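Peer 1: One structure follows; several queries about it will come next.
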């Protein structure tokens, strides 16, 4: 199928920027030394997610921090710890679930800042470096183990952690798996492959595996697709970490809309929020800015009906 018209272009405005008092210029960061060599990284925000009160949570991957931003744009520190938090989701019991590059899956109490371990290793083997996660309506946690993989080393993995503790390896041949999202019926898993500059489509089988995995869309740039989201029409929203845009793809893979950053080029992750989930919030990591764009179609509601009552028990 050919593209019969140009995608609509929307400019995202600035919602808030990290205050100077929280920036850590000149501070050593092992993550920044490995991933942004030669740069003084004062922050690298990622993993936006909203709680039921409209507060926005996000992480600082470079310096091991988690922030809460009120609907009015006021910042406060929730946790400052020895970790590298990346993807984040809010559990119905109020705790945060975080994919931590260094520590695996962790939980965070947003009131006390206490860090709990949910899953640190697989079969006594350390992960390569977790990146992002999404949670199904039955409580299954899908998460990516990216590490430093890429086209030169396609050994990244996607896992599923069930509420009973069962851990399944869904794919293990991936070049830099990053953001991920389920389709409306939770029968297909989409995974951003940053170094492949594509998004893969993985149909889930009845026996708990995947089959007929293929590329849903292919992109370009010095980096690649990062965080993903889904709207109520089933369209896939893709934040691109070097093109300064969020691309919206219809279910057939055609790009139908583009949202441009007005801050910087490093659009790392996205979350729907605001009234009726009609505003898209975008983390622009090179400037520590949260962008916002109003969309005609709202994002899907966070599935919570089948989640376990609590996930605070350490494993």
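What follows draws every value from the coordinates through simple rules; no lab data is involved. Quick caveat: nothing in here was measured; it's all calculated off a predicted structure. Note that we place each Cβ from the backbone using ideal geometry, even for glycine, and neighbour counts take in every protein chain shown.
Peer 1: Run the numbers for residue 167 and residue 77: contour at 0.36 nm per residue of separation, minus the present Cα-Cα distance, in nm.
Peer 2: Numbers: separation 90, 0.36 × 90 = 32.40 nm, distance 3.18 nm.
That pair, residue 167 and residue 77, stretches by 29.2 nm at full extension.
Peer 1: So, R0 is 35 Å and r is the distance between the beta-carbons of residue 121 and residue 5; what FRET efficiency does that work out to, to 0.05? Provide the component values of the computation, followed by the final result.
Peer 2: Numbers: r = 49 Å, r/R0 = 1.41.
So, using R0 = 35 Å, E works out to roughly 0.10.
Peer 1: Ranking 42, 275 by Cβ neighbours within 10 Å, fewest first, what do you get?
Peer 2: 275, 42
Peer 1: Another question, if that's okay. What does a probe at residue 21 reach in region 69-98, counting residues whose amide N is under 15 Å from the point 7 Å along Cα→Cβ?
Peer 2: The answer is 69-70, 73-78, whose backbone nitrogens lie closer than 15 Å to the label point.
Peer 1: Hey, another quick one. Tell me the Rg and the Dmax, in Å, that the Cα atoms of the chain produce.
Peer 2: Over the chain's Cα set, Rg and Dmax evaluate to 17.8, 53 Å.
Peer 1: Order of 115, 282, 236 from fewest to most other C-beta atoms within 10 Å?
Peer 2: Ascending Cβ contact count within 10 Å gives the list 115, 236, 282.
Peer 1: Measuring from label point to label point, each 7 Å out along Cα→Cβ, what is the residue 256 to residue 28 span in nm?
Peer 2: 5.1
Peer 1: Fewest to most neighbouring Cβ within 10 Å: what's the order for 240, 152?
Peer 2: On the way: 240 26, 152 8.
Ranking 240, 152 by Cβ neighbours within 10 Å, fewest first, gives 152, 240.
Peer 1: Once you have the Cα-Cα distance between residue 137 and residue 232, take 0.36 nm times their residue separation minus that, and quote the gain in nm to one decimal.
Peer 2: Values: separation 95, 0.36 × 95 = 34.20 nm, distance 1.54 nm.
Going from the current span to full extension adds 32.7 nm.
Peer 1: With each run of n ≥ 4 DSSP H residues scored as -39500 (n - 2.57), what mean residue ellipticity at 222 nm is computed for the chain after dividing by its residue count and rounding to the nearest 500 deg cm²/dmol?
Peer 2: Values: 1 runs with 6 residues, N = 315.
Using -39500 (n - 2.57) per qualifying helix, the result is -500 deg cm²/dmol.
Peer 1: Using a Förster distance of 45 angstrom, determine the FRET efficiency expected from the C-beta separation of residue 14 and residue 155, and round it to 0.05. Intermediate results must be reported in sequence, preceding the final value.
Peer 2: On the way: r = 38 Å, r/R0 = 0.85.
The computed FRET efficiency comes out at 0.70.
Peer 1: Given the convex hull of the Cα atoms of region 86-216, what is a quarter of its surface area in nm²? Write down the numbers at each step before the final one.
Peer 2: Values: hull surface 32.1 nm².
Quarter of the Cα hull surface area: 8.0 nm².
Peer 1: Continuing with the same structure: Order these peptides, 23-34, 179-190, 54-65, by their mean beta-carbon neighbour count within 10 angstrom, highest first. Working shown, then result.
Peer 2: Numbers: 23-34: 14.0, 179-190: 18.4, 54-65: 23.2.
Going from most to least packed, we get 54-65, 179-190, 23-34.
Peer 1: If you don't mind, there's one more thing I want to ask. Starting from the exponent 0.38 and prefactor 2.2 Å, build the expected Rg for region 230-279 from its residue count and divide its actual Cα Rg by it.
Peer 2: 1.15
Peer 1: Let me ask you something else. Between 145, 252, 82, which gets the highest mean-square fluctuation from a Gaussian network model of the chain, Cα cutoff 10 Å?
Peer 2: 252
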